[in-house]
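Heads up, the thing below is written out as structure tokens.
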Amino acid sequence: MVKNFDLVIIGRGSAAFSAAIKASEITMHQAKIAMIGYGYLGGTCVNVGCVPSKYLIEAAKVAQNQRYPKYPGIKSIEPSIDFKKLMNSLREVVNNERENKYINVLKSYENIEVFDGKSSFISNDTVKIDSGEEMSGYNFIIATGSKTKIPDINGLRETGYLTSDTVWSLNYMPESLGIIGGGFAGLELGQAFQRLGSHVAIIKEHETIVKGIENELGNELIKALGEEGIQFLLKRKVKKVYKKGNKKIIETLHGNETEKIEVDEILMTSGRTPNIDNLGLEKAGIKYSEEGITVNDKLQTSNPLIYAAGDVVHRKYKLETLAAREGATIASNLYENGSKKINLQEIPISIFTEPQLASVGYTEKEYNEKFGKSMSRTIPLNFVPKARLLRENCGMFKIVIDEKTEKIVGVHVLSPYAAEFIIEGVNAIKNNLTYLDIINSTHIFPTVAEGIKLTAQSFYRNVSKMSCCME
Amino acid sequence: MKSSVMEKKVTLRIFGMTCNDCVKTVSEGLKNAGGEEVSLSLDDGMAILKIDDVKISPEDIAKIPVFGEKSRYKAQIRKVE
Ligand SMILES: Cc1cc2nc3c(=O)[nH]c(=O)nc-3n(C[C@H](O)[C@H](O)[C@H](O)COP(=O)(O)OP(=O)(O)OC[C@H]3O[C@@H](n4cnc5c(N)ncnc54)[C@H](O)[C@@H]3O)c2cc1C
């Protein structure tokens, strides 16, 4: 028997939850919604993504501060780490978050029915779950997320590897870790493991660590992580991987030279690929490519009654914030007759390393390529009084403005707490502010966030010669 | 001058109705906006009405004040014949 719904959502992650809850709110819990998926409720973010990674990063920070206290007079101690205990606590936090923010939340929404299984379209208005159940809907949202892209490397499967899905079940700390691919997850986990006591090497085919970020910030971040002991093996193509005793060997090609590194574990962070296999997209008339599902600016696929949100959509970045925003936007477009669009230039990104990299809008290169001319200013972190008090000097601030209108089009920060205050850049871009508008807003002294104001000031004065009390 | 009429039958899925008063409010809203032969079911939230497309389009009927931003009622166009 086919079950009928107003809205069928394929997926149970961030995009799906956001869409289902917003749609329920708008329709006074009257839209009949099906949410289909497999694995733990909540999808990537809570189970194997944002939540466990940020937990491990914070724990590793504590170990690092014990080992290298920043202030003279405070004695360094080698942290004593019970890795299994730490990982047990991480898993407990994940379970609690899932329970409180997903499982329990759903109890308030009787209109949302959750189904277990993999599903695929059998026509343009019906999907079938592998259990045999069929659901038809007036509208659909495809929110099936993404998975780690595993390149075809000789011997990889036989040798075994970890991904950001499996690394959380580790109970012992690998003495050495080879991370293949950089990216957000590779850098974040790489630093966390290094700080917890592992020897980490990050192997990348390209010279840049994350595609699409300001190069100077990326290079500074590599420098900072390198100073902590992470080995960056850039411009290396992994040729093969094999086992030697208890160790794993990664053989790479650097120019014409073959190099080998020996590690205890391999972690693959070689990009993400959208979950579009076996979804029967052709049967519903949905266009897609290897990069994901194609949507218009209202998030409709090539079948106007079917929408897509989150990591499965063809996008530059894959983020929880974007997935959730897309889900809520679709709900509004469906039930409030909206034609809401998301301006991707207003979506901030962050790499939660230390220092943190946070960025919003265009890089200088992107803006120049697209619109002609821009102006930019970059200041080093040590121009910011608070950074000096924190005894931090690795980092920088960069603002990109349109040359004619002087409106801010990009804000890029590498500093402590950058993710906490990049919202100032988001608001500047969203509200078409100029650098003068930033200067004319009073910032708290002393904060790292003042770096944004100082960078704005540097468009017209030499901030290295300024008193720190000048507005 | 000849006035042209472009009659269309519109089926709407209406959300937010919980009682007969709601049905009355929504029906009146639809009629005030030019909807004719309005039939509305509280059970399944479906409404069928006729409109003159010259006066109001199906897209606009879903945006009339009774379905406005602050209203508890929302309408989704399901069929236009
Ligand atoms: C290690 C790591 C750290 C991250 N940290 C951050 C961060 O700090 N901040 C941030 O913004 N983002 C972060 N992200 C990214 C973020 O987690 C994702 O962008 C987000 O979770 C994507 O949500 P989604 O709803 O699109 O997909 P998911 O949450 O992956 O959900 C996909 C759902 O689809 C279901 N599904 C898949 N195929 C089918 C099918 N055929 N039939 C039925 N169901 C199906 C799955 O069961 C799942 O429920 C991180 C990601 C990783 C891996």
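The values are calculated or read from the model by the stated rules, or taken from the named source; none is laboratory data. Since we're looking at a predicted model, the values are computed, not measured. No Cβ is skipped: glycine too gets one built from the backbone with ideal geometry, and neighbour counts run over all protein chains shown. When the accessible area is computed, the model is the full protein with side chains, heavy atoms only, and any ligands, DNA or RNA have been set aside. Shrake-Rupley method; radii C 1.70, N 1.55, O 1.52, S 1.80 Å.
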> What does the accessible area per residue of chain A come to in Å², with a 1.4 Å probe and no ligands, DNA or RNA counted?
Replying inline: 46
>> With a cut-off of 8 Å between alpha carbons and a minimum separation of six or more residues, what is the relative contact order of the range A:26-157 in percent?
In response: 31
> Where the accessible area of the range B:7-80 is counted over protein heavy atoms with a 1.4 Å probe, how much of it, in %, is carbon and sulfur?
Replying inline: 45
> What does the helix-only formula give at 222 nm for chain A: each DSSP H stretch with n ≥ 4 adding -39500 (n - 2.57), the total divided by the residues, and the result rounded to the nearest 500 deg cm²/dmol?
Replying inline: -8500 deg cm²/dmol
> Just which residues of the range B:43-81 lose 50 Å² or more accessible area with every protein chain there, against their chain alone, with the probe set to 1.4 Å?
Replying inline: B:Lys74, B:Gln76, B:Arg78
> Among rounded, prolate and oblate, which fits the range B:7-80 when a ≥ b ≥ c are the square roots of the eigenvalues of its C-alpha gyration tensor, a/c under 1.5 means rounded, and a/b larger than b/c means prolate?
Replying inline: prolate
> At a 1.4 Å probe, which residues in the range A:22-49 are at least 40 Å² less accessible with all protein chains present than in their chain isolated?
Replying inline: A:Met28, A:Gln30
> So for the pair A:Gln345, B:Ile77, with labels modelled 7 Å out along Cα→Cβ, what separation do we get in nm?
Replying inline: 3.1
> Using a 1.4 angstrom probe on protein heavy atoms only, which residues from the range B:1-30 are buried by at least 40 Å² of accessible area when all chains are present rather than their own chain alone?
Replying inline: B:Phe15
> Regarding the range A:346-460, what is the average projected area of its C-alpha convex hull, in nm²?
Replying inline: 6.4
>> Rounded to the nearest 100 Å², what is the buried accessible area between A and B, both sides summed, probe 1.4 Å?
In response: 1100
> Going by a ≥ b ≥ c, the root eigenvalues of the Cα gyration tensor, does chain A fall in the rounded group (a/c under 1.5), the prolate group (a/b larger than b/c) or the oblate group?
Replying inline: oblate
> Can you pull out the trypsin sites (Lys or Arg not before Pro) in the range A:302-335 that DSSP calls coil and that have at most 13 other Cβ atoms within 10 Å?
Replying inline: A:Lys316
>> Given contacts defined as C-alpha pairs under 8 Å and at least six residues apart, what's the relative contact order of chain A, whole-number percent?
In response: 15
> Pairs of lysine in the range A:22-125 with Cα under 19 Å and at least 8 positions apart or on different chains: total?
Replying inline: 11
>> Given contacts defined as C-alpha pairs under 8 Å and at least six residues apart, what's the relative contact order of the range B:1-67, whole-number percent?
In response: 41
>> Based on alpha-carbon atoms only, what is the radius of gyration of the range A:54-143 relative to the globular estimate 2.2 N^0.38 Å?
In response: 1.90
>> With a 1.4 Å probe and all protein chains left in place, how much of the accessible area of chain A comes from carbon and sulfur atoms, in whole percent?
In response: 49
> Could you list log10 I(q)/I(0) for the range A:208-358 at q = 0.12, 0.15, 0.17, 0.18 Å⁻¹, which the Debye formula gives when each Cα is one point scatterer?
Replying inline: -0.74, -0.96, -1.06, -1.11
> Local charge sum around A:Leu389 (other residues, Cβ-Cβ under 13 Å, Lys/Arg +1, Asp/Glu -1)?
Replying inline: +2
>> Starting from 0.36 nm per residue, how many nanometres of slack lie between A:Asn96 and A:Tyr68 once their C-alpha separation is accounted for?
In response: 6.9 nm
> Is the range A:156-270 rounded, prolate or oblate when judged by the Cα gyration tensor, a ≥ b ≥ c being the square roots of its eigenvalues, rounded requiring a/c under 1.5 and prolate requiring a/b larger than b/c?
Replying inline: oblate
>> Based on alpha-carbon centroids, what's the gap between the range A:95-126 and the range A:245-313 in Å, whole number please?
In response: 24
